[in-house]
Structures are given as structure tokens and as C-alpha cells.
1. Which one of GLY101, GLY87, GLY108 is at pLDDT below 95, within 15 Å of the chain's Cα centre (by Cα) and within 21 Å of GLY174 (Cα to Cα)?
2. Being surrounded by fewer than 23 Cβ atoms within 10 Å (Cβ to Cβ) and out of contact with any strand residue (DSSP E or B) (no Cβ under 9 Å at 6 or more places or on another chain) is the filter here; which residues of the stretch 66-82 pass it?
3. If you take the residues of the stretch 88-117 that are basic (Lys, Arg) and not in a helix (DSSP H, G or I), which of them is farthest from ILE167 (Cα to Cα)?
4. Being free of Cβ contacts under 8 Å to residues at least 40 places away in the same chain, surrounded by fewer than 16 Cβ atoms within 10 Å (Cβ to Cβ) and out of contact with any strand residue (DSSP E or B) (no Cβ under 6 Å at 6 or more places or on another chain) is true for just one of HIS94, HIS86. Which residue is that?
5. Please tell me if TRP20 is at pLDDT 95 or above, aromatic (Phe, Trp, Tyr) and closer than 11 Å to ASN159 by Cα.
6. Does LYS96 meet the test of being out of contact with any Phe, Trp or Tyr (no Cβ under 9 Å at 6 or more places or on another chain) and over 12 Å from THR175 (Cα atoms)?
7. Please find, among TYR134, TYR163, the residue that is surrounded by 15 or more Cβ atoms within 10 Å (Cβ to Cβ), touching a residue at least 12 places away in the same chain (Cβ under 8 Å) and under 18 Å from PHE14 (Cα atoms).
Amino acid sequence: MTKDQWKGIPEDHFKTYRKWLTPKGYLCGTYAAAVLLGYYQDYIDEAIVPTYLRTKNEDKADTLVHFLQMFIQPKGLPTISLQVAHGLSTYFSHTKVPLRGRMTMIGGWQRAKKRIDQGKPVIVGVLKVLGSTYGNHWVTAYAYMETTEGKRFLKVHDNWGDYKKVIPVEWVNGTVSLP
């Protein structure tokens, strides 16, 4: 791996989702999932999101987010990776898309790097106890870097307002991804 250089999906691919922001409460898991699905629809498989929820390259996500919330966070409460992955799997069952959400509770760097190397973003959870200045939060990672000093970073779409935010991997605990 080349050190001190970003590897992954170009950040301008996430500019469309820059206004997909968690408006209140704890809906970051739902919003991170919406960004993941939006990217897949726009760049990998248009059929992953039915057109009644969102059309390809649309910069609005309201309908998709409200629909996903029914499966991921129906009561608007905070989530763990199991809930986000299961919610995505239930969404796929409902929309008849033959996919399942996958999750890890630990090993965020390995899963994120693997998915990003495949050209796929990954939802990552960050924890306050691990140093996250966000507290507990979900973001969508799309690029990574390891420095010559051994420090590791992810570039993420943060659904609190920055689609090209850089976070240290030390904050990451779990992941949610698609195969």
C-alpha cells in the first residue's frame, strides 16, 4: 500500500449527498444507510433503490430516508451495527432486492479497507469511548490513508454536515456494508 496518499472513491462522487443531513435526534444510522444506498444506485446498481423512493442522481433523499427509518430506526433511537445491518436486510426483503446487510462489531479498518478497495463505500460507527469528538455516530467511509508513521484515517460523508470529513481509525468500532 502506498503511504501518505488517499486510496478509494473520489470525494466528488459524494457531493450529491452533501445536503443529506441528520436533522435531529439519533437518525445518523438511517442517514448513513441512505448515503450508502444512494451511492450504490448512482454508481454500482441503479435497481438497488426503487424509483418511487429516489431516482438515480437525485440530490434529495427525504422519501428514501423516511422509508429506511421504518426498517432501521422506527422509534428514532440510537443503533448498533446489528440494527443497521438488519434494517438494511429488511429493506432489501421488502423491495425484493436480493442483498443483505453485513456487519462487524470490531475490525473496522480491515472491513472498510476491503470494501473501499472494491470501489464500495462502507458505513462505520465511531464511539466516544474510543475518542470520537462526535460521541457515538454513524458515517459513510469512502477512502482511506495510512501515513508513514503508521497513523490511519478514513475520509467519510458525515451526515452532520461535511461530505469530505477526515477521521482517525482509532474512533471506529463497527461497520455495516453490502456484499
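The values are calculated or read from the model by the stated rules, or taken from the named source; none is laboratory data. The structure displayed is predicted, hence computed values, not measured ones. Every residue, glycine among them, receives a Cβ derived from its backbone with ideal geometry; neighbour counts consider all protein chains shown.
1. GLY108
2. Here is the first cut: in the stretch 66-82, the ones surrounded by fewer than 23 Cβ atoms within 10 Å (Cβ to Cβ) are 66-67, 69-71, 73-78, 80, 82.
Correct list: HIS66, PHE67, GLN69, MET70, PHE71, GLN73, PRO74, LYS75, GLY76, LEU77, PRO78.
3. Residue satisfying both the conditions and the ranking: LYS96.
4. Residue meeting the stated conditions: HIS94.
5. yes
6. Yes; evaluated as a whole, the condition is true for this residue.
7. TYR163
Residue-wise test of (1) in a strand (DSSP E or B); (2) among the aromatic types (Phe, Trp, Tyr); (3) over 23 Å from PRO179 (Cα atoms).
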position: GLY119; (1), (2), (3): no, no, no
position: VAL129; (1), (2), (3): no, no, yes
position: SER132; (1), (2), (3): no, no, yes
position: GLY135; (1), (2), (3): no, no, yes
position: VAL139; (1), (2), (3): yes, no, no
position: TYR144; (1), (2), (3): yes, yes, no
position: LEU154; (1), (2), (3): yes, no, no
